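Asks: Quick one: structure below, then a few questions.
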Amino acid sequence: MMLTQIILKMKHRITLFLLLGLYGFVFSQDQATYEAWQDSIKNPDYIMKNILYLDEMEVVENQYKSSNPLLTQVRKDKLMGTDELLHCLPGVNMMRRGNFASEPILRGLSSERYVVSIDGMRLFGACTDKMDPASSYIEPNNLANLDINLGNDDAMDGASTGGCVSFNLKTPKFNANKAVFVRIGMKYNSVSRGFDQLADLNINKKNLAVRSSFVHRKAQNYIAGGGSEIKYSQFEKYNYSFAMSYRLPQSQMLSFSFLGDDANDVGYPALPMDVSYAKAKMFSLSYYRMNLGKLKEVEIKAYHNIVDHAMDDTKRDAVDVPMHMDMPGNTHTSGLFAQTYLFDSLKTKIEYYNTFAHAEMTMYPDVGSPMFMLTYPDVVRNSTSISLDYNRAFLKQNLLKMGFRYEKAATYISSEFGEQQLNVFNMSGKKPKKMNLLNANISISRNIKKSFKLKLTTSYGQRLPTTSEQFGFYLYNRQNGYDYIGNPDIKKEGAWQNQLMAVWHKKKLRTNIAVFHYQFQDYIMGVLVPNYSNMTIGAKGVMFYENTKKASLMGGEWSLMGDITKTTHLMSTATYSYGYDFENDPLPLIPPLKITNSISQKWKGFIFQPELIWSNMQNNTSVKFDELNTDSFLLLNFRMHKTFKLNIGEMDVSTGVENILDKNYREHFDWGNIPRSGRNLFLNLSWRIK
Amino acid sequence: MKKYIHTFSVVALIFIFGSCAEKNDPVVEESLVEVATGDNGEIGVTIQSTTELFVGFNSLSINVTNLTDNSSINDATITIIPMMHMMTMSHTCPVDNKTTTLNEKGKYNFDVVFVMPSGDMGYWEITFKVEYGGKIQEVVVPVNVIQPEETKLISFVSEQDQTTKYFVALIDPKSPQVGENDLEVSVYKKASMMDWPAVEGLSFELEPWMTSMDHGSPNNIAPVEIGNGHYKGKVNFTMTGDWEIRLTMKEGNNLVGSPVFTTVFQ
């Protein structure tokens, strides 16, 4: 078998089935050429997944070019940031602290509760204030696709109580149409006078394939709706990657991949400090083999990544900085995993990783000695896990999926100084805190009629506490103004989840409704300790992470999409979550009802896309968290796109205006009451050189 | 497949155990230095302590030598009287145990609280009355007492009668560290120039305070009486820097005073 096909197939498995529309629900894909094992996993298994297809998979792209202009739009916008990209997905919101490195929120759950994986690798941000979520070190330009699980119905990539965000990086291809191809692109955003550049180089030989990419982004302070400049919202970043694959006989392949990301001088208007640098380096080495006896698609990967991060308050006005501080942090993660399909339909993965987190803080008072503390006291975590995922078709159109994951993890602090700090609380972290995690899920998809499907998923998930929740030391949360202290004796958190999804598909219109209910046990949240005095100047008090008895989250997503006429495509989505804690008070940071409507109109090679976004106000706020109410807002965007075929290649041109009404607004979960961007005019050119 | 699982388990285990090595910090015994010597021709007295003598609570280790054959005298009963000689007067200072015999470590130990430094105001002498072999010999040893960089002794006039002078000595922490520290203070009052008794029956409140940031620390244990005018508790420091150990001292419900010790550590 040609390896080209193999590689394509590997990716097909992920993308093909997931591709039809944002919900990735596949009805009529004729993939008859694939082997039986593929058939068994291809269908409604992925019903809950949101897949956004980002780049050319030639076979695939042609089929979908016409079916989903939004995807085409996104796909053509090579310089769309990861943040913007994620934001397009129903059920996903982006929590902002500035104009950079937003943190995805899945159905109202933030990064503590979902797993982030980059090609199966774990990467942990090094900032104690969550300035650097793992997604901030990825550029969409490097993504083959993005796979978001809302809910823990798939635990192959990690144990969670809230889902998984999997970034799948592009791999170099063998024997593509052209041996060498280059793409360059650039984008301008008026609101931040931001200028981005991109360049890709692909070399596709028979047995050797190389892909290299480079992205540079630089933005000034952005202007909020109404015209006020948001100070300290500038950033600059470089992202560069190099990947090389070499194929061996018998459908085997060796791959090396490197991805680097360097951000400098990043402003965080919502925080009292900025970031002087945030750097990530990721290395991985993989071995693939298509067939090995009963095993299919064997992949073994070893990886290592380093994140280095330093906060900076030297650019701020002196009046806003009560005391100068240095706050560097870093994480080192190494891992190893092997995965394969056993008996065609049983996906098996064995995984080990080790991660280390160090963060410190030195404060320099005007009078007196510097003060030093370890905010992440050299936390070491070792985790070993085995995951299984089984798919079986039965009674023609029905599909059964079962998943199981068992993980053993131990976490301890390796610094004597950190241990002494903990002794203050009569706690200790020197001895490994061991946890065994169990994740299990079962789902049944049933075709009631040809045009109507139902899928029911029940799952139970458990997650490890994060470094902050277990060993963080006086971490200031600017969102509510409290210092947070980790709890070394905290227990794992669990969640029962039920999801029901219904899909109607008639002619070219499709509507999906998903409703979900999560019941958390030992829900980890900060609980106020009244008699502790805060460390941070101006903080309101101290919160200590505890396992609260329970919490519930429910809600749903709805979407309608399809072609109204031959040239008009409609897409509407609505997302709603509602949650309450152990005292029946609302959970914090829950996004209110949000509705988006967009129409794509094709005309003489152009695509015009007006878009309307409405978000309800959020008054259901957490008193415990000291949360503010958020106003309703209405946004209007307009984008257009055209591809020009030139002698020297294809030129994609996108332009448009975002937030046309120049609305001054913030999303409910944004930090620090900082309004988002006002009216933005963008121009995006991407040129694929022949 | 089994083979692979096996291989991976082994590799994983190597990783796990490889990263679990723990390190133990060696316990350093505090070494004694000689701070003063003196003799009367027949016997010699050597005073040792962990540091120079300072204003505050000092633990003195005494060696007594028979000068005729340079042998150690281990069967003596020793009484000490520290004395500050000033221009117009002399006074002594608190001593926890005025009379002692050899302890199990082979030393004569005295806990002396010097209340002022040697200097222009006057000088310190310690008179040793060594009783052995049926007779009492007196040796006077001049000592130098310094004012330490960080105050280890605080004196104040009682809030109650506005006349009695109280002395609070900070014994522990000697070298404070981030985390939990033993806290021990001893309290004395000046009854007369020659009588500085320990004060018993007091109660304390404790609040460590980081002045440059205006915050405290949690889970402290206010000192409670352990006898002989000593009070023991725990003080917690959450970070390095300038800390105050703020004490409130009460007799029954009545405030006696609010001594504050400052400490800086890196």
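Asks: What residue, of A:Asn647, A:Asn659, A:Asn684, is closer than 23 Å to A:Arg183 by Cα and surrounded by 21 or more Cβ atoms within 10 Å (Cβ to Cβ)? Walk me through it before giving the result.
Replies: Working: A:Asn647 fails: surrounded by 21 or more Cβ atoms within 10 Å (Cβ to Cβ); A:Asn659 fails: closer than 23 Å to A:Arg183 by Cα.
Of A:Asn647, A:Asn659, A:Asn684, the one residue that is closer than 23 Å to A:Arg183 by Cα and surrounded by 21 or more Cβ atoms within 10 Å (Cβ to Cβ) is A:Asn684.
Asks: Then there's this: So, in the range B:229-266, exactly how many residues are outside any strand (DSSP E or B) and either more than 9 Å from chain A (Cβ to nearest Cβ) or hydrophobic (A, V, I, L, M, F, W, C) (or both)? It would help to see each step written out before you state the result.
Replies: Looking only at the range B:229-266, we keep the residues that are outside any strand (DSSP E or B), and these are B:229, B:238-240, B:252-253, B:258-259, B:266.
Still in the running and either more than 9 Å from chain A (Cβ to nearest Cβ) or hydrophobic (A, V, I, L, M, F, W, C) (or both): B:229, B:239, B:252-253, B:258-259.
Going through the range B:229-266 one residue at a time, the tally reaches 6.
Asks: What number of residues in the range A:560-592 are touching a residue at least 24 places away in the same chain (Cβ under 8 Å), closer than 15 Å to A:Trp614 by Cβ and not hydrophobic (A, V, I, L, M, F, W, C)?
Replies: 5
Asks: Then there's this: Could you say whether any residue in the range A:244-260 is buried (at least 22 other Cβ atoms within 10 Å of the Cβ), in a strand (DSSP E or B), in contact with a Pro (Cβ under 6 Å, 6 or more places away or on another chain) and among the hydroxyl-bearing types (Ser, Thr, Tyr)? Break it down stepwise before answering.
Replies: Here is the first cut: in the range A:244-260, the ones buried (at least 22 other Cβ atoms within 10 Å of the Cβ) are A:245, A:247, A:253, A:257, A:259.
From the residues that got through so far, the ones that are in a strand (DSSP E or B) too are A:245, A:247, A:253, A:257, A:259.
With the extra rule that they be in contact with a Pro (Cβ under 6 Å, 6 or more places away or on another chain), the set shrinks to A:245.
Filter once more, keeping what is among the hydroxyl-bearing types (Ser, Thr, Tyr): A:245.
Checked against the condition, which is being buried (at least 22 other Cβ atoms within 10 Å of the Cβ), in a strand (DSSP E or B), in contact with a Pro (Cβ under 6 Å, 6 or more places away or on another chain) and among the hydroxyl-bearing types (Ser, Thr, Tyr), the range A:244-260 yields at least one hit.
Asks: Being over 24 Å from A:Pro328 (Cβ atoms), at the interface with another protein chain (Cβ under 10 Å from one of its Cβ atoms) and open to solvent by 50 Å² or more (accessible area, probe 1.4 Å) is the filter here, so list the residues in the range A:361-392 that pass it.
Replies: Listed by number, the residues that qualify are A:Val367, A:Ile386.
Asks: With a cut-off of at least 2 residues that are within 14 Å of another protein chain (Cβ to nearest Cβ), name the strands (runs of 3 or more DSSP E) lying wholly within the range A:393-488. I'd like the intermediate steps shown before the answer.
Replies: Values: elements: A:398-413, A:433-449, A:452-463, A:475-477, A:482-485.
Correct list: A:398-413, A:433-449, A:475-477, A:482-485.
Asks: Being crowded, with 16+ Cβ neighbours inside 10 Å and of a type in the set (Lys, Arg) is the filter here, so list the residues in the range B:82-134 that pass it.
Replies: If the condition is that a residue be crowded, with 16+ Cβ neighbours inside 10 Å and of a type in the set (Lys, Arg), then B:Lys107, B:Lys129 are the ones that fit.
Asks: Quick one: which residue in A:Ser677, A:Ser654 is open to solvent by 20 Å² or more (accessible area, probe 1.4 Å), under 22 Å from A:Phe195 (Cβ atoms) and among the hydroxyl-bearing types (Ser, Thr, Tyr)?
Replies: Values: A:Ser654 fails: open to solvent by 20 Å² or more (accessible area, probe 1.4 Å).
After ruling out the rest, the residue left standing is A:Ser677.
Asks: Does the range A:631-639 contain at least one residue that is within 30 Å of A:Arg183 (Cβ to Cβ) and crowded, with 17+ Cβ neighbours inside 10 Å? Full working, then the answer.
Replies: Taking the range A:631-639 first, the residues within 30 Å of A:Arg183 (Cβ to Cβ) are A:637-639.
When the remaining residues are screened for being crowded, with 17+ Cβ neighbours inside 10 Å, the result is A:637, A:639.
Scanning the range A:631-639 turns up at least one residue that is within 30 Å of A:Arg183 (Cβ to Cβ) and crowded, with 17+ Cβ neighbours inside 10 Å.
Asks: For the range A:591-637, give me the residue count where each residue is among the charged types (D, E, K, R) and touching a Leu at 6+ places or on another chain (Cβ under 6 Å). Full working, then the answer.
Replies: The first filter runs over the range A:591-637 and keeps only residues among the charged types (D, E, K, R), leaving A:594, A:602, A:604, A:611, A:624, A:626-627, A:631.
Those still in the list that are touching a Leu at 6+ places or on another chain (Cβ under 6 Å) too: none.
Of the residues in that region, 0 qualify.
Asks: So, one more: Which condition does B:Asn220 not pass, out of (1) open to solvent by less than 10 Å² (accessible area, probe 1.4 Å); (2) within 14 Å of chain A (Cβ to nearest Cβ), if it passes all the others?
Replies: With (1) open to solvent by less than 10 Å² (accessible area, probe 1.4 Å); (2) within 14 Å of chain A (Cβ to nearest Cβ) applied to B:Asn220, the lone miss is (1).
Asks: Identify the residue in the range B:185-217 that is among the hydroxyl-bearing types (Ser, Thr, Tyr), in a strand (DSSP E or B) and open to solvent by 10 Å² or more (accessible area, probe 1.4 Å) and, among all such residues, is nearest to B:Thr127 (Cα to Cα). Quick ask: steps written out before the conclusion?
Replies: Let us first name the residues in the range B:185-217 that are among the hydroxyl-bearing types (Ser, Thr, Tyr), namely B:186, B:188, B:192, B:203, B:211-212, B:217.
With in a strand (DSSP E or B) added as a condition, the list becomes B:186, B:188, B:192, B:203.
Keeping just the survivors that are open to solvent by 10 Å² or more (accessible area, probe 1.4 Å) gives B:192, B:203.
Working: B:Ser192: 19, B:Ser203: 34 Å.
Selected residue: B:Ser192.
Asks: Next question, about the same structure. Which of the residues belonging to the range B:157-182 are closer than 19 Å to B:Pro94 by Cβ and open to solvent by less than 30 Å² (accessible area, probe 1.4 Å)?
Replies: Looking only at the range B:157-182, we keep the residues that are closer than 19 Å to B:Pro94 by Cβ, and these are B:157-158, B:163-172, B:174.
Passing the criteria: B:Ser158, B:Tyr166, B:Phe167, B:Val168, B:Ala169, B:Leu170, B:Ile171.
Asks: Could you please find all residues in the range A:333-354 being within 19 Å of A:Phe124 (Cβ to Cβ) and within 11 Å of chain B (Cβ to nearest Cβ)? Lay out the reasoning, then the answer.
Replies: Initial filter on the range A:333-354 (within 19 Å of A:Phe124 (Cβ to Cβ)): A:333-337, A:351-354.
Those that are within 19 Å of A:Phe124 (Cβ to Cβ) and within 11 Å of chain B (Cβ to nearest Cβ): A:Ser334, A:Gly335, A:Leu336, A:Phe337, A:Glu351, A:Tyr352, A:Tyr353, A:Asn354.
Asks: I'd like the full set of residues that are within 23 Å of the chain's Cα centre (by Cα), within 14 Å of chain B (Cβ to nearest Cβ) and either closer than 23 Å to A:Leu271 by Cβ or open to solvent by less than 10 Å² (accessible area, probe 1.4 Å) (or both), limited to the range A:304-329. Steps first, answer last, please.
Replies: Let us first name the residues in the range A:304-329 that are within 23 Å of the chain's Cα centre (by Cα), namely A:304-311, A:329.
This time we only want the ones that are within 14 Å of chain B (Cβ to nearest Cβ), so: A:304.
None - no residue of the range A:304-329 is within 23 Å of the chain's Cα centre (by Cα), within 14 Å of chain B (Cβ to nearest Cβ) and either closer than 23 Å to A:Leu271 by Cβ or open to solvent by less than 10 Å² (accessible area, probe 1.4 Å) (or both), so the list stays empty.
Asks: Working carefully through the options B:Ile171, B:Ile226, find the one that is touching a Phe, Trp or Tyr at 6+ places or on another chain (Cβ under 8 Å), assigned to a strand (DSSP E or B), away from every other protein chain (no Cβ under 14 Å) and modelled with pLDDT of 90 or more.
Replies: Numbers: B:Ile226 fails: touching a Phe, Trp or Tyr at 6+ places or on another chain (Cβ under 8 Å).
The conditions single out B:Ile171.
Asks: Select from the range A:515-558 the residues that are surrounded by fewer than 20 Cβ atoms within 10 Å (Cβ to Cβ) and assigned to a loop (DSSP other than H, G, I, E, B) and write down the one among them that is farthest from the chain's Cα centre (by Cα).
Replies: Filtering the range A:515-558 for residues that are surrounded by fewer than 20 Cβ atoms within 10 Å (Cβ to Cβ) and assigned to a loop (DSSP other than H, G, I, E, B), the one farthest from the chain's Cα centre (by Cα) comes out as A:Asn531.
Asks: Let me ask you something else. Considering each residue of the range A:578-632, count those that are within 25 Å of the chain's Cα centre (by Cα), part of a strand (DSSP E or B) and of a type in the set (Val, Ile, Thr), and give that number.
Replies: Within the range A:578-632, residues that are within 25 Å of the chain's Cα centre (by Cα), part of a strand (DSSP E or B) and of a type in the set (Val, Ile, Thr) number 4.
Asks: Also: Would you point out which residue out of A:His332, A:His358 is closer than 20 Å to A:Pro133 by Cα and open to solvent by 40 Å² or more (accessible area, probe 1.4 Å)? Spell out how you get there, then give the answer.
Replies: Numbers: A:His358 fails: open to solvent by 40 Å² or more (accessible area, probe 1.4 Å).
Residue meeting the stated conditions: A:His332.
The values are calculated or read from the model by the stated rules, or taken from the named source; none is laboratory data. Note that the coordinates shown come from a computational prediction; the quantities given were computed from them, not determined experimentally. Heads up, the Cβs are rebuilt from the backbone with ideal geometry, glycines too, and the neighbour counts pull from every protein chain shown. We work out accessible area using only protein heavy atoms, side chains counted, and drop any ligands, DNA or RNA first. Shrake-Rupley method; radii C 1.70, N 1.55, O 1.52, S 1.80 Å.
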